[in-house]
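The values are calculated or read from the model by the stated rules, or taken from the named source; none is laboratory data. Please read these numbers as outputs of a predicted model, since none were measured by experiment. For neighbour counting, all protein chains shown are included, and Cβ atoms are generated from backbone atoms with ideal geometry for every residue, glycine included.
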Amino acid sequence: AKEMGRNRFELHSQSLSTSVQQRITIEHDLREALQERQLIAYYQPQWELQTKEITALEALVRWQHPEHGLIAPDQFIEVAEKIGLIHLIDYLVLEDSLKQTLRWHAQGFKLKQVAVNISPYTFHRQDFLSTVVELLTRHQVSGDSLEIEITEHALLEDSDYSREVLANLKKLGVTIAIDDFGTGFSSMSYLRDLQIDTLKIDKSFIDQYQDNAATGIILRNIIQLGRSLGLNVVAEGIETERQEQDLTRFGCQTGQGYLCAKPLPVEQINAQFVPAKAS
Ligand code: C2E
Ligand code: CA
Ligand code: CA
Ligand code: CA
């Protein structure tokens, strides 16, 4: 019995130390990644469904790991949130987007805005608003070139605080998008109370509406709701022309998805979408 007890303990302690070790490694690697600029923003176009014109880009972070190669955000965003590093990632992507916005403007690439994802953790930090102001000022970008994407989740916790932060962002000209719309616990009251500009319909609706009648009804009604409230409605994850046509018919204004392009590094955005500068 003594023997078994020890074995059990050893087994347990081994698996425990493995998971702790993994987390320490990711944490260590992430800190290093932030310092050594291994985290980079890719950009994915958004286009007007009516005119097919590209009017905006969404910044999406990637981790260029020296050993493991390109790592997608769903592999590290949650860890970064848990260990309190997510705001550093969000601010890094925000700053890159603002610098890039300036360059694109100078190149004559006409964009309404660049959209940046902000984690609920970042949104609820005391330094969030001041950091946005500081970065806009430092890089001399006007607020209306920036859209902030937040999830419904970020708005539920403290609605007085959310209202104040959003009102201040609006004063700067920054627009606000609700990301993954339709998947969260939508009380929808924030659509009445808060100054939202854009609804981004979650990709799952675009994936499923053709096979599921109820999803189609909800999708069409979300678009109508958004339009009736005067919001820009963006459909995420458009992969086929059929989806593009249907969403246009349903009244959606803006699309984003592989049909146009995957998230791409700046050089490829420039090569594929930025018109050659008239000399
Ligand atoms: P999201 O904000 O909902 O971003 C959209 C995701 O859908 C992106 O995944 C994008 O590559 C993917 N996508 C777009 N169009 C298509 C399509 O046609 N087909 C398919 N299969 N996928 C498509 P990605 O880049 O892997 O990002 C995943 C999530 O990670 C994002 O979801 C966002 O929640 C988070 N994330 C990314 N960058 C940041 C960041 O800088 N800060 C924070 N806090 N979160 C970020
Ligand atoms: Ca997003
Ligand atoms: Ca989304
Ligand atoms: Ca998402």
Test for ALA177: is it away from ligand 4 (no atom under 14 Å from the Cβ) and of a type in the set (A, V, I, L, M): no
Condition met for ILE178 (touching a residue at least 40 places away in the same chain (Cβ under 8 Å) and within 14 Å of ligand 1 (Cβ to nearest atom)): no
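Return yes when GLU95 is surrounded by 17 or more Cβ atoms within 10 Å (Cβ to Cβ), among the acidic types (Asp, Glu), part of a helix (DSSP H, G or I) and out of contact with any strand residue (DSSP E or B) (no Cβ under 9 Å at 6 or more places or on another chain) and no when it is not.
Numbers: surrounded by 17 or more Cβ atoms within 10 Å (Cβ to Cβ): yes; among the acidic types (Asp, Glu): yes; part of a helix (DSSP H, G or I): yes; out of contact with any strand residue (DSSP E or B) (no Cβ under 9 Å at 6 or more places or on another chain): yes.
When the stated conditions are applied, GLU95 passes them.
From the list ILE86, ILE77, ILE71, pick out the single residue that is more than 30 Å from PHE250 (Cβ to Cβ) and within 16 Å of ligand 3 (Cβ to nearest atom).
Details: ILE86 fails: within 16 Å of ligand 3 (Cβ to nearest atom); ILE71 fails: within 16 Å of ligand 3 (Cβ to nearest atom).
Result: ILE77 is the single residue among ILE86, ILE77, ILE71 that is more than 30 Å from PHE250 (Cβ to Cβ) and within 16 Å of ligand 3 (Cβ to nearest atom).
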Output for the range 164-197, where each listed residue is assigned to a loop (DSSP other than H, G, I, E, B), at pLDDT 95 or above and within 26 Å of ILE238 (Cβ to Cβ): VAL174, ASP197
Residues that are within 30 Å of LYS110 (Cα to Cα) and assigned to a loop (DSSP other than H, G, I, E, B), drawn from the range 29-81: ARG37, GLN38, LEU49, GLN50, THR51, LYS52, GLU53, ALA72
Those residues of the range 188-222 which are among the hydrophobic types (A, V, I, L, M, F, W, C), within 25 Å of TYR258 (Cβ to Cβ) and crowded, with 21+ Cβ neighbours inside 10 Å, in sequence order: LEU199, ILE201, PHE205, ILE206, LEU219, ILE222
Flag if ALA154 is touching a Pro at 6+ places or on another chain (Cβ under 6 Å) and either among the hydrophobic types (A, V, I, L, M, F, W, C) or in contact (Cβ under 8 Å) with a residue 40 or more places away in the chain (or both): yes
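So that you can scan it fast, the table gives a plain yes or no per residue for (1) within 16 Å of ligand 3 (Cβ to nearest atom); (2) under 16 Å from ALA56 (Cβ atoms):
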site	(1), (2)
ASP211	no, no
ILE223	yes, no
ARG227	no, no
VAL234	yes, yes
ARG249	no, no
GLN268	no, no
ALA276	no, no
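Would you check if ILE238 is in contact with a Phe, Trp or Tyr (Cβ under 8 Å, 6 or more places away or on another chain), in a loop (DSSP other than H, G, I, E, B) and within 25 Å of ASP197 (Cβ to Cβ)? Steps first, please.
On the way: in contact with a Phe, Trp or Tyr (Cβ under 8 Å, 6 or more places away or on another chain): yes; in a loop (DSSP other than H, G, I, E, B): yes; within 25 Å of ASP197 (Cβ to Cβ): yes.
Yes; evaluated as a whole, the condition is true for this residue.
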